[in-house]
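J.: Please find one structure pasted underneath; my questions will follow.
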Amino acid sequence: MKMPMMSVVDNLHNVRARIAAAAAACGRAPDAVQLLAVSKTHPPEFIRTAHGAGQRAFGENYVQEALAKMERLRDLELEWHFIGPLQSNKTRAVAENCDWIHTVDRERIGRRLATQRPRGLAPLNVCIEVNVSGEASKAGVPPDEALALARTLAPLPGLHLRGLMCVPAATDDGARQRQAFRTLARLQQELNNAGLGLDTLSMGMTADLEAAIAEGSTLVRVGTGIFGPRAAAGPGP
Ligand SMILES: *Cc1c(COP(=O)(O)O)cnc(C)c1O
């Protein structure tokens, strides 16, 4: 299932056009929405190709896989986002090597990241993952616990709390997609009304980025749309 390299560049242009069209459709500036290229399970050469086409921010879900790619791509200036579930014994690798983490949903993980973030680096950008669909199997804090977690994390040195993130239950129903994203957007508004000053809504993937942008997404996480189908589930967290 290896894709020719040209497709990565073509796909990237296509995704950028989708983002611009979705932003225009609701009167937002195209650069109001950042594109995170989700490269999990794909080889470093795909990242290099995307970088050549101007992409700088990449998302990975598995710590070991991310570290291996960082090592191979040291010569490039890249922004690394960790977007997978994180166990407490892997926090140090993220604190020391990533620019962002989107999946903090426990105080303990946030405190470890804060402590382990090297003081010579800029604070680690953090999003709190929220379980907007209420599925028992899903990661993320319940919406009614997000404010308390945000208040705990916001003052920690070593962290810069940026916003909220969600991965809603998959559905083809555009109205239901928007409803889930609206839940996250409203929650962000509530937290900001409480003084949190969050500027990032990490929501929207290949299948639903238009719905997410219509509800105020500032960062879409796109894998398949750029790099093609993933052959395997990856090496595990
Ligand atoms: C894999 C993944 C994505 C990208 O999903 P696509 O459907 O391939 O665009 C986005 N966010 C998270 C958290 C992921 O795990």
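The values are calculated or read from the model by the stated rules, or taken from the named source; none is laboratory data. Every value quoted in this text rests on a predicted model; they were computed, and no experiment measured them. Every residue, glycine among them, receives a Cβ derived from its backbone with ideal geometry; neighbour counts consider all protein chains shown.
J.: Go through (1) within 14 Å of the ligand (Cβ to nearest atom); (2) buried (at least 16 other Cβ atoms within 10 Å of the Cβ); (3) not acidic (Asp, Glu) and name the single condition Pro85 misses.
T.: The one condition Pro85 does not meet is (2).
J.: Still on this model: Just name the residue that is surrounded by the fewest Cβ atoms within 10 Å (Cβ to Cβ) out of those in segment 113-133 that are in a loop (DSSP other than H, G, I, E, B) and among the aliphatic types (A, V, I, L, M).
T.: Ala122
J.: Being within 14 Å of the ligand (Cβ to nearest atom), over 29 Å from Asn14 (Cα atoms) and modelled with pLDDT of 95 or more narrows it down to one of Gly140, Gly120, so name that one.
T.: None of the other options fit; the residue is Gly140.
J.: Just for segment 228-237: of the residues that are closer than 21 Å to Ser7 by Cβ and either near the ligand (Cβ under 8 Å from one of its atoms) or among the aliphatic types (A, V, I, L, M) (or both), which one is modelled with the lowest pLDDT?
T.: This residue is Ala232.
J.: Which residues, taken from segment 151-165, are outside any strand (DSSP E or B) and among the basic types (Lys, Arg)?
T.: Arg151
J.: A follow-up question, please. Restricting the search to segment 36-77, which residues are aliphatic (A, V, I, L, M) and either touching a helix residue (DSSP H, G or I) at 6+ places or on another chain (Cβ under 7 Å) or within 12 Å of the ligand (Cβ to nearest atom) (or both)?
T.: Leu36, Ala37, Val38, Ile47, Ala50, Ala53, Val63, Leu67, Met70, Leu73, Leu76 - these are the residues of segment 36-77 that are aliphatic (A, V, I, L, M) and either touching a helix residue (DSSP H, G or I) at 6+ places or on another chain (Cβ under 7 Å) or within 12 Å of the ligand (Cβ to nearest atom) (or both).
J.: Quick one: which residue in Met5, Met1 is touching a helix residue (DSSP H, G or I) at 6+ places or on another chain (Cβ under 6 Å), more than 24 Å from Ile101 (Cβ to Cβ), more than 13 Å from the ligand (Cβ to nearest atom) and at pLDDT below 95?
T.: Of Met5, Met1, the one residue that is touching a helix residue (DSSP H, G or I) at 6+ places or on another chain (Cβ under 6 Å), more than 24 Å from Ile101 (Cβ to Cβ), more than 13 Å from the ligand (Cβ to nearest atom) and at pLDDT below 95 is Met5.
Listed here are the residues, each with its yes/no results for (1) out of contact with any helix residue (DSSP H, G or I) (no Cβ under 7 Å at 6 or more places or on another chain); (2) assigned to a strand (DSSP E or B).
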| residue | (1), (2) |
| --- | --- |
| Val167 | yes, no |
| Thr171 | no, no |
| Gln179 | yes, no |
| Leu187 | no, no |
| Leu196 | no, no |
| Gly204 | no, no |
| Val220 | no, yes |
| Pro229 | yes, no |
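J.: Against the conditions (1) under 20 Å from Leu219 (Cα atoms); (2) within 13 Å of the ligand (Cβ to nearest atom), where does Val33 fall short? Just the number, please.
T.: (2)
J.: Okay, next question. Residues being more than 8 Å from the ligand (Cβ to nearest atom) and either on the phi > 0 side of the Ramachandran plot or under 15 Å from the mean Cα position of the chain (by Cα) (or both): count how many of those fall in segment 210-222.
T.: Qualifying residue count for the region: 7.
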